[in-house]
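My structure is below; once you've seen it, I'll send some questions.
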Amino acid sequence: MKPSLGKILFIWIIAVGELWGAYQWSVLDAPKTLVVGQSGVVRYECRFDSSAAEYSIKLKFEDTPTYKATILTEQDRVVGGKRIETFDVLVTPKISGAIKVNTEAVVRFTGLGAVENTVLGRDNLSKDDIVEEKAILPSVALVANKNTMALTGSKLMFEVRADTRSVRAHEPMHLSVTVRGEGNLDEMIPYELNISGVKVFTQLPQKSLTPSAQGFEGEVSQEFALVASKSYTIEPLSLSYFDTVKNQTVTFKSKPIYVEVGEGYEPSNLLDPPTLRDWSTLARYGLYGALVLAGVALGESARRLWKLRPRRKAKQFWDEAKSSKELVMLLSLFGDKQYELIIAELEAGKLDLQEGKKMLDKICFDNKR
């Protein structure tokens, strides 16, 4: 029986409907109102009808002129044999007014056979083995209130610290500014110092931040080095931000810091020899002299001990001779004219065996020189 085209299309529609109807999106939590620059968490949930091991989800965010969105956390679990995936999305309004947050997701289905082939190392995965669908997540409506503060957050702490209050002329004084807490600390504006007669060296802010429900949590620190020839005052530094807990603007202000600059070193004084009337100076120079003499003595001792080191004597052919006659025979066989005098002395009995060997060692030593 020839299969009906209408029947095939009907079965295909039912199969696809069952395949992509296996999950459902919902919004579990979302802020109703925020202020411009304040971050809020929107929690999305995707609930599957099964364990759904063949599915993977990727959220897509577009840069919009009204808000900024990023993933804060992602949790995947199986409850009662059904897979539940939760996404916490951080939403930060850029402008005031009514805002509608629209988010999309790409749901990818990979057949079980294709997954097994990939695990087994088979390189036969094709595009037909992967099916993707774009899912539109439920929209979220919120109201963003006006906010003139660039910094928003909660539990912020502001600290200005100087390492000293008294320096010499042209000696640097170090100043540090630290902000701690939660909020949009990643957008904190660096401080600038302008003090008449003071040269300021500024370091870029160092940020130690981790994502949080308020945006970021941690601290931002900035270091300064100030150099001057006369005393000066660092005017109070301030930090203003919108407190999202108190729902009001909070301002911190440091106290003025007076830095006393004393006289610097005179070039003529730097070349003057130290006075010897000071006992500590005499002791220091005495120690230097003793160390120099000890070094000289140690070097001379090492040189003399080196000369007295035992030296290995090279073995000669006459060392094996046991008697004067045997020594005469060895020298005669060698046939060297320089040994003729020693041979004659040995034969005449004027030299014994040991004396003959000493004369031979002396001749050998002189030849090496």
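Need the failing condition index for residue 52 against (1) surrounded by fewer than 18 Cβ atoms within 10 Å (Cβ to Cβ); (2) of a type in the set (A, V, I, L, M); (3) farther than 18 Å from residue 139 by Cβ, just the number.
Among (1) surrounded by fewer than 18 Cβ atoms within 10 Å (Cβ to Cβ); (2) of a type in the set (A, V, I, L, M); (3) farther than 18 Å from residue 139 by Cβ, the lone unmet condition for residue 52 is (1).
Which of the following residues is open to solvent by 90 Å² or more (accessible area, probe 1.4 Å) and at pLDDT below 75: 276, 298, 291?
276
Which one of the conditions (1) at pLDDT 75 or above; (2) of a type in the set (Asp, Glu); (3) assigned to a helix (DSSP H, G or I) does residue 319 fail to meet, given that it meets all the rest?
Condition not satisfied by residue 319: (1).
From 160, 167, which residue is hydrophobic (A, V, I, L, M, F, W, C), modelled with pLDDT of 95 or more, under 30 Å from residue 198 (Cβ atoms) and outside any loop (DSSP other than H, G, I, E, B)?
Criteria check complete, one pass: 160.
Of a type in the set (Lys, Arg) and at positive phi: does that describe residue 207? Break it down into steps so the answer makes sense when it comes.
On the way: of a type in the set (Lys, Arg): yes; at positive phi: no.
Against the criterion (of a type in the set (Lys, Arg) and at positive phi), residue 207 does not qualify.
Another one. With (1) open to solvent by 90 Å² or more (accessible area, probe 1.4 Å); (2) charged (D, E, K, R); (3) assigned to a loop (DSSP other than H, G, I, E, B); (4) modelled with pLDDT under 85 as the list, and residue 284 as the residue in question, which single condition is left unmet?
Only one criterion is unmet by residue 284, namely (3).
If you don't mind, there's one more thing I want to ask. Six or more apart or on different chains, Cβ under 9 Å: which pairs go from a residue in region 32-49 that's free of Cβ contacts under 8 Å to residues at least 40 places away in the same chain and closer than 14 Å to residue 76 by Cβ to one that's basic (Lys, Arg) and surrounded by fewer than 18 Cβ atoms within 10 Å (Cβ to Cβ)? Could you list them?
These pairs meet every condition: 47/82; 48/82.
Now for a different question. Do we find a residue being among the hydrophobic types (A, V, I, L, M, F, W, C), surrounded by fewer than 19 Cβ atoms within 10 Å (Cβ to Cβ) and assigned to a strand (DSSP E or B) anywhere in region 172-194?
No, because not a single residue in region 172-194 is among the hydrophobic types (A, V, I, L, M, F, W, C), surrounded by fewer than 19 Cβ atoms within 10 Å (Cβ to Cβ) and assigned to a strand (DSSP E or B).
Something else now. Kindly provide the set of residues from region 196-234 that are in contact with a Gly (Cβ under 9 Å, 6 or more places away or on another chain) and either in a loop (DSSP other than H, G, I, E, B) or within 17 Å of residue 256 (Cβ to Cβ) (or both), ordered by number.
Going through region 196-234, the residues in contact with a Gly (Cβ under 9 Å, 6 or more places away or on another chain) turn out to be 207-210, 212-219, 228-232.
Answer for region 196-234, where residues must be in contact with a Gly (Cβ under 9 Å, 6 or more places away or on another chain) and either in a loop (DSSP other than H, G, I, E, B) or within 17 Å of residue 256 (Cβ to Cβ) (or both): 213, 214, 228, 229, 230, 231, 232.
Still on this structure, I have one more. Please go through region 324-345 and pick out each residue that is open to solvent by 100 Å² or more (accessible area, probe 1.4 Å) and acidic (Asp, Glu).
Within region 324-345, just 340 meets the criteria.
Sticking with this one: Hey, can you tell me all the residues within region 65-80 that are exposed (fewer than 11 other Cβ atoms within 10 Å of the Cβ) and in a strand (DSSP E or B)?
If the condition is that a residue be exposed (fewer than 11 other Cβ atoms within 10 Å of the Cβ) and in a strand (DSSP E or B), then 77, 79 are the ones that fit.
Consider region 20-44. How many of its residues are closer than 20 Å to residue 211 by Cα and part of a strand (DSSP E or B)? Explain how you work it out, then say what you get.
Within region 20-44, the subset closer than 20 Å to residue 211 by Cα is 29-31, 34-44.
Subset that is part of a strand (DSSP E or B): 29, 34-35, 40-44.
The total comes to 8.
The values are calculated or read from the model by the stated rules, or taken from the named source; none is laboratory data. Everything numeric in this text was worked out from a predicted model, so none of it was measured. Methodologically, a virtual Cβ is constructed for each residue, glycine included, from the backbone with ideal geometry; neighbour enumeration extends over all protein chains shown. Protein only, heavy atoms only, side chains kept; ligands, DNA and RNA dropped before computing areas. Shrake-Rupley method; radii C 1.70, N 1.55, O 1.52, S 1.80 Å.
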